[in-house]
Amino acid sequence: MGMENMKKKKSVYSVFIVMVLTLRLIDGGIEGRQVGVLEKLEKPSSGFSKSYNSIYDTSKYGIFQLNNGLALTPQMGWNSWNFFACSISEDLIKETADALVSTGLADLGYVYVNIDDCWSAATRNLKGQLVPDPKTFPSGIKALSDYVHGKGLKLGIYGDAGAFTCQVRPGSLFHETGDAQLFADWGVDYLKYDNCFNLGIDPKKRYPPMRDALNATGRTIFYSICECMTTIADINDKWASRAGPGGWNDPDMLEVGNGGMTYQEYRAHFSIWALMKAPLLIGCDVRNMTAETLEILSNKEVISVNQDSLGVQGRKVYVSGEANCLQVWAGPLSGNRLVVAFWNRCSKAATITARWEVLGLESSTHVSIRDLWQHKEVKENAVASFGAKVDSHDCHMYIFTPKTVAHSES
């Protein structure tokens, strides 16, 4: 990897956490159809306030989702771009698949092995087909797909809804039918579809053709689309009402383990992504992870929040401090539980407190509280509010279980 790419990776935490991609996910699959508004998020019978449904609004759910069995929970896996950029090869992809299995990450749900930009040759062949770069992928994508599938994993690939990809390889605009069939023939399970060199054509006209082409192949392929290239992470919060099983908001791949951030910042990053039901796509070199990186990515309790069956995106519910840098994020979980995160984006340690009303709880409700990073119960009978001192750029993450509700781990 060149020095320029290394410098780009060493971004300052406060910049990284603000500047990210915002993606909308739409699944491609067989006989996909839109589903209705999420009906299973209803105010529990006791312990929760009248404001519960307005705080955790899901009224826009069903606009983007397809009911085809894909993405019932956010996708988990690995993507090549954040660490390797264009320095990729079939050997790297195989070694990464091996590492996902040997580290135990695959058993935790990290099953997609996604090749980003630069896998293809600079031009199409004489038949107008995409061709893998003969120097870096000499065996072809089908052979690589077979290898990845042999490990019990799934293979993802990259395309673009424009004339060229972001790294000026052939795009799929006006080639959707042929490219989709080629991906299916290769055994691809996931398509990340970018937005470069789009000729100024409306995204609503460019993205559906690939969706329909993927559906027509008869192979189930996860379809991940990108419309905005640079925006703020907090905007992801504004899309919360649209997320749910079948389609998730994606604030981009994980940076955990890539350098440029502290342990506390990595932990905050992973916590908020999990709470927001963002796809957990590892962006580091999993062949050479530190124990600290593996510890964060392997936190089963935090992963369980991300993969919770209720499928409601958590959101920012309260802010305080200078520039609103002391934040409370929360979201409903199955079993009438709540996930709550205290995120200190300030430059100094501070106490963050959540009052029950901002969480959608009645003030008299008794709550047991479990810390997901300490892996222990920290409060058995909290009432009205709960607070904790949080270090600068760190994040505490909890499960709140009202005492009137039976505890559930589903």
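The values are calculated or read from the model by the stated rules, or taken from the named source; none is laboratory data. Just so it is clear, the model here is predicted, and its values are computed rather than measured. Note that each Cβ is placed from the backbone with ideal geometry, even for glycine, and that neighbours are counted across all protein chains shown. Remember, those area values only see protein heavy atoms, side chains included, never the ligands or the DNA or RNA. Shrake-Rupley method; radii C 1.70, N 1.55, O 1.52, S 1.80 Å.
Within segment 79-116, the residues that satisfy the criterion of being open to solvent by less than 30 Å² (accessible area, probe 1.4 Å), under 30 Å from V305 (Cβ atoms), outside any helix (DSSP H, G or I) and not charged (D, E, K, R) are N79, S80, G104, L105, G109, Y110, Y112, V113, N114, I115.
In segment 312-360, which residues are outside any strand (DSSP E or B), among the hydrophobic types (A, V, I, L, M, F, W, C) and free of Cβ contacts under 8 Å to residues at least 40 places away in the same chain? Listed by number, the residues that qualify are A323, C325. Among all positions in segment 346-357, there is at least one residue which is surrounded by 22 or more Cβ atoms within 10 Å (Cβ to Cβ) and farther than 19 Å from Y52 by Cα. Looking at segment 318-327, can you tell me whether even one residue there is more than 30 Å from G69 (Cβ to Cβ) and among the hydroxyl-bearing types (S, T, Y)? Yes, segment 318-327 contains at least one residue that is more than 30 Å from G69 (Cβ to Cβ) and among the hydroxyl-bearing types (S, T, Y). For segment 369-394, filtered to residues that are buried (at least 18 other Cβ atoms within 10 Å of the Cβ) and in contact with a His (Cβ under 8 Å, 6 or more places away or on another chain), the residue that is farthest from H269 (Cα to Cα) is A382. W119: in contact with a helix residue (DSSP H, G or I) (Cβ under 7 Å, 6 or more places away or on another chain) and open to solvent by less than 40 Å² (accessible area, probe 1.4 Å), yes or no? Spelling it out, it is not the case that W119 is in contact with a helix residue (DSSP H, G or I) (Cβ under 7 Å, 6 or more places away or on another chain) and open to solvent by less than 40 Å² (accessible area, probe 1.4 Å).
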